């Protein structure tokens with residue numbers, strides 16, 4: 001069994017995509033220092049987090065057994081290892097205990113990345129909006145702070161004392177590291193330096209150009225997405241399809257590159273979030289956990305003061321939509337050109353090659369069309 005397993009449980013929107021991508025893309029270099037990031041894809045860790053939190057085999061479908069597969073890989077490893085997904089943050093104390101027990105006899109060390117709630121919640125709302133929520137920012141904040149939301153983008157995944165308290169029933173405080181996300185204006189790369197310190201890895205052989213951040217939408221781009229969401233229908237209502245085409249394509253490939261104006265919560269929401277951040281900072285200070293970074297980072301209220309998404313004028317939303325449509329027309333044009341080229345190639349192959357060659361071209365055509 002692995003000697004030490006670092007279990008990174010989020011929180012959501014604390015640089016997790018950046019950290020996980022960097023680790024995943026450099027897993028060969030990690031293995032050379034006897035550090036295992038197991039799985040056949042990064043999504044294995046997400047599916048594992050679902051199972052730890054009680055998802056049934058029927059719900060998991062073809063991804064059933066993801067947690068046991070990661071555990072088995074770590075059981076066959078003689079160095080250190082990492083399991084990382086932000087939705088482990090929502091585990092109950094009983095689920096946390098079961099997860100830690102499954103990793104025995106490895107020593108489990110918990111890593112928790114945390115961030116000022118004031119800076120956190122604009123990003124949390126955006127992730128909810130890209131997926132299954134149609135709520136505007138104001139209503140989302142009201143419901144979140146009242147404890148009326150559930151799931152990965154709710155207060156239950158963000159409440160630092162609650163999340164740590166649940167996991168501290170399974171992992172002693174002296175095996176827990178809290179990593180603070182630096183506030184705006186901090187040196188670039190500081191979060192990564194803190195992360196390396198937390199889990200004790202050497203990145204001298206890493207390719208650090210492969211990582212990417214889960215970038216935010218601007219206010220007008222978010223306002224447009226709010227207008228689009230109620231009109232999604234048919235296959236776009238399915239979770240996996242919505243993740244691929246609404247979140248990744250429309251959100252990240254079409255809207256994010258427009259580089260819209262950044263925004264923060266309303267002043268009364270800022271005041272409430274700042275108060276809760278201060279209380280969380282005080283609570284962590286009272287625990288005997290290791291802190292990498294500065295707990296005062298939780299006190300940052302340096303949210304952008306751009307136009308609130310709920311206040312963006314229709315004229316600006318129309319401009320964003322026009323640019324988005326132009327981008328999407330170009331994308332469809334490129335895809336159609338590739339489809340037509342492959343169809344022509346398929347016809348040529350069908351005339352001059354055996355059936356097997358034509359089938360290979362047909363498979364390429366299907367891949368190009370995303371089918």
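The values are calculated or read from the model by the stated rules, or taken from the named source; none is laboratory data. Keep in mind that this is a model prediction, so the values were computed, not measured. Methodologically, a virtual Cβ is constructed for each residue, glycine included, from the backbone with ideal geometry; neighbour enumeration extends over all protein chains shown.
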### Message
I'd like to verify a number: residues in the range 130-144 that are in contact with a helix residue (DSSP H, G or I) (Cβ under 6 Å, 6 or more places away or on another chain), at pLDDT 95 or above and either under 18 Å from residue 243 (Cβ atoms) or part of a helix (DSSP H, G or I) (or both), how many?
### Response
5
### Query
Of these, 51, 25, which one is out of contact with any strand residue (DSSP E or B) (no Cβ under 6 Å at 6 or more places or on another chain) and over 21 Å from residue 100 (Cβ atoms)?
25
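So which of 284, 228, 254 is farther than 18 Å from residue 302 by Cα, in contact with a strand residue (DSSP E or B) (Cβ under 8 Å, 6 or more places away or on another chain), part of a helix (DSSP H, G or I) and modelled with pLDDT of 95 or more? Reasoning before the result, please.
Details: 228 fails: in contact with a strand residue (DSSP E or B) (Cβ under 8 Å, 6 or more places away or on another chain); 254 fails: in contact with a strand residue (DSSP E or B) (Cβ under 8 Å, 6 or more places away or on another chain).
So the residue among 284, 228, 254 that is farther than 18 Å from residue 302 by Cα, in contact with a strand residue (DSSP E or B) (Cβ under 8 Å, 6 or more places away or on another chain), part of a helix (DSSP H, G or I) and modelled with pLDDT of 95 or more is 284.
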### Task
Can you work out which of the residues in the range 255-278 that are in contact (Cβ under 8 Å) with a residue 24 or more places away in the chain and over 24 Å from the mean Cα position of the chain (by Cα) is nearest to residue 113 (Cα to Cα)?
272
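Answer with yes or no whether residue 27 is in the same structural domain as residue 84 (by TED's automatic domain parsing), at pLDDT 95 or above, closer than 21 Å to residue 208 by Cβ and surrounded by 14 or more Cβ atoms within 10 Å (Cβ to Cβ). Walk me through it before giving the result.
Details: in the same structural domain as residue 84 (by TED's automatic domain parsing): yes; at pLDDT 95 or above: yes; closer than 21 Å to residue 208 by Cβ: yes; surrounded by 14 or more Cβ atoms within 10 Å (Cβ to Cβ): yes.
Considered against the rule, which asks whether it is in the same structural domain as residue 84 (by TED's automatic domain parsing), at pLDDT 95 or above, closer than 21 Å to residue 208 by Cβ and surrounded by 14 or more Cβ atoms within 10 Å (Cβ to Cβ), residue 27 comes out as yes.
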#### Entry: Breaking point among (1) touching a strand residue (DSSP E or B) at 6+ places or on another chain (Cβ under 6 Å); (2) surrounded by fewer than 23 Cβ atoms within 10 Å (Cβ to Cβ), for residue 7
(2)
### Message
The conditions are (1) in a helix (DSSP H, G or I); (2) surrounded by 14 or more Cβ atoms within 10 Å (Cβ to Cβ); (3) touching a helix residue (DSSP H, G or I) at 6+ places or on another chain (Cβ under 8 Å), and residue 193 fails exactly one of them. Which is it?
### Response
(3)
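Kindly check whether there is at least one residue in the range 154-169 that is out of contact with any helix residue (DSSP H, G or I) (no Cβ under 9 Å at 6 or more places or on another chain) and part of a loop (DSSP other than H, G, I, E, B). Write out each step before concluding.
The first filter runs over the range 154-169 and keeps only residues out of contact with any helix residue (DSSP H, G or I) (no Cβ under 9 Å at 6 or more places or on another chain), leaving none.
Looking for residues that are out of contact with any helix residue (DSSP H, G or I) (no Cβ under 9 Å at 6 or more places or on another chain) and part of a loop (DSSP other than H, G, I, E, B), one finds none in the range 154-169, hence no.
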## Note on the structure
All conditions in (1) touching a residue at least 40 places away in the same chain (Cβ under 8 Å); (2) surrounded by fewer than 20 Cβ atoms within 10 Å (Cβ to Cβ) are true of residue 282 except (1)
### Query
Does the range 13-28 contain any residue that is in contact with a helix residue (DSSP H, G or I) (Cβ under 7 Å, 6 or more places away or on another chain), on the phi < 0 side of the Ramachandran plot and not in a helix (DSSP H, G or I)?
no
### Task
Determine whether residue 169 is touching a residue at least 60 places away in the same chain (Cβ under 8 Å) and surrounded by fewer than 16 Cβ atoms within 10 Å (Cβ to Cβ).
yes
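Considering only the range 290-328, how many residues are under 19 Å from residue 117 (Cβ atoms) and touching a strand residue (DSSP E or B) at 6+ places or on another chain (Cβ under 9 Å)?
Counting residues in the range 290-328 that are under 19 Å from residue 117 (Cβ atoms) and touching a strand residue (DSSP E or B) at 6+ places or on another chain (Cβ under 9 Å) gives 7.
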### Query
Is there a residue being over 22 Å from the mean Cα position of the chain (by Cα), more than 28 Å from residue 196 (Cα to Cα) and surrounded by fewer than 14 Cβ atoms within 10 Å (Cβ to Cβ) anywhere in the range 288-300?
no
